[in-house]
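One structure below.
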Amino acid sequence: MNSQLKTKLITTEDGSHSLYVPHLNEHYHSTHGAIQESRHVYIDTGLNACKLEKINVLEIGFGTGLNTFLTLMESEKTNKVVKYTSLELYPLAIESAKQLNYAEQLTDKKRVTQFLDLHKAPWGKEVDITPNFSLCKIETDISNPNNLDTTVHYDVIYFDAFAPEKQPEMWTQQIFDKLFSLSNKNAIITTYCAKGVVRRMLQSAGYKMERLPGPPGKREILRGRKV
Ligand SMILES: C[S@@+](CC[C@H](N)C(=O)[O-])C[C@H]1O[C@@H](n2cnc3c(N)ncnc32)[C@H](O)[C@@H]1O
């Protein structure tokens, strides 16, 4: 792949934007609804299943920043403290981020600046975005599991890579083993992908796996827990 992905802005069925990557023939989110999917898979099934007051979140694939933005908003709603780390190899240009309608769809224009703050935040540095929410974006190639070495351990992991058919190098046993080793006790991992082969790899890594109902347009999703 090139160091910047060529993308095309699209509107999904719930009115929220997503991006299409022509050379992979792949979308960043479900075309049935980007916000709907992110909220269901990562916020409701992942973040809100964690009962801690202070939560370390790791996201695989910062992308449009939608999961990050929803997590920030949820941290305000629940008054939890979230330390959020997001990994990405192909950061979006700020011009592309400015086109995304998440702030307008979710709240009102006041949040536009806050959404863009997530994109403007420096790479490789932890910054406080709100009193409850800090963000550390790391520009790295996750297909090499050695790049996942970090001293931080996580309570919630959002595994949001492009589909295994499109990027098999992101869905390997070595990567899931590494994520398991970076998981705290009771940590949760969620992904929109419910493929048997993915579930079995997560299980071999050590997670106790559940198949749960998916968002509209998707029968099932996966959640794992390090028990
Ligand atoms: C499904 S999209 C993520 C959507 C994102 N979570 C969001 O809320 O918009 C997959 C992401 O993985 C990133 N990616 C692709 N290959 C990667 C790699 N080798 N290492 C790190 N990130 C990668 C893509 O650039 C893209 O942002």
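Each value in this text was obtained by applying a stated rule to the coordinates, not by laboratory testing. In this text, all values refer to a predicted model and were calculated from it rather than measured experimentally. When we count neighbours, we look across all protein chains shown, and the Cβ atoms used for this are built from the backbone with ideal geometry, even at glycine.
Which part of the stretch 12-30 falls in the paramagnetic zone of Ala163, meaning amide N under 14 Å from the point 7 Å along Cα-to-beta-carbon?
Within reach of a label on Ala163, which here means backbone N under 14 Å from a point 7 Å along Cα→Cβ, the stretch 12-30 contributes 20-30.
Exposure proxy check: Thr85, Thr113, Thr31 ranked by fewest other beta carbons within 10 Å?
Taking fewest neighbouring Cβ atoms as first place, the list is Thr113, Thr31, Thr85.
Taking Cα centroids, how far is the stretch 18-60 from the stretch 126-156 in Å?
The distance from the Cα centre of the stretch 18-60 to that of the stretch 126-156 comes to 16 Å.
Considering only DSSP states other than H, G, I, E and B, which trypsin sites (Lys or Arg not before Pro) in the stretch 1-92 qualify as loop sites with at most 14 other Cβ atoms within 10 Å?
Listed in order of number, the matching sites are Lys6, Lys51.
Rounded to the nearest 500, what is the chain's calculated 222 nm mean residue ellipticity when only DSSP H runs of at least 4 contribute -39500 (n - 2.57) each, over all residues?
-7000 deg cm²/dmol
What residues from the stretch 35-69 fall in the zone where the backbone N is under 19 Å from a label point 7 Å along the Cα-to-C-beta line of Thr172?
From the stretch 35-69, the list is 60-61.
In which sequence would Phe62, Phe133 go, from the one with the fewest C-beta neighbours within 10 Å to the one with the most?
Fewest-to-most ranking of Phe62, Phe133: Phe133, Phe62.
At 7 Å along the Cα-to-beta-carbon direction for both Lys109 and Ala49, put a label point, then send me their distance in nm to one decimal.
Label at Lys109, label at Ala49, 4.0 nm between them.
Gain in length, Lys185 to Gln203, computed as 0.36 nm per residue apart minus the alpha-carbon separation, to one decimal in nm?
Length difference between fully extended and current span is 5.0 nm.
Return one quarter of the surface area of the convex hull spanned by the alpha-carbon atoms of the stretch 37-225, equal to its mean projected area, in nm².
10.1 nm²
When the Cα centres of the stretch 178-223 and the stretch 88-110 are compared, how far apart do they sit, in Å?
Here the answer is 27 Å between Cα centres.
Using DSSP to define loop residues, name the GluC sites (Glu not before Pro) in the stretch 29-122 whose beta-carbon has at most 10 other beta-carbon atoms within 10 Å.
Counting only loop positions with at most 10 other Cβ atoms within 10 Å, the GluC sites (Glu not before Pro) in the stretch 29-122 are Glu53.
Take the Cβ-Cβ distance between Asp141 and Asn79 as r, set R0 to 45 Å, and report the resulting FRET efficiency rounded to the nearest 0.05.
The value I calculate is 0.80.
Given R₀ = 22 Å, what would the calculated FRET efficiency be for Glu95 paired with Trp123, taking r from the Cβ atoms and rounding to 0.05?
Efficiency at R0 = 22 Å is approximately 0.80.
To the nearest whole percent, what portion of all C-alpha pairs in the stretch 66-156 is separated by more than 18 angstrom?
47 percent
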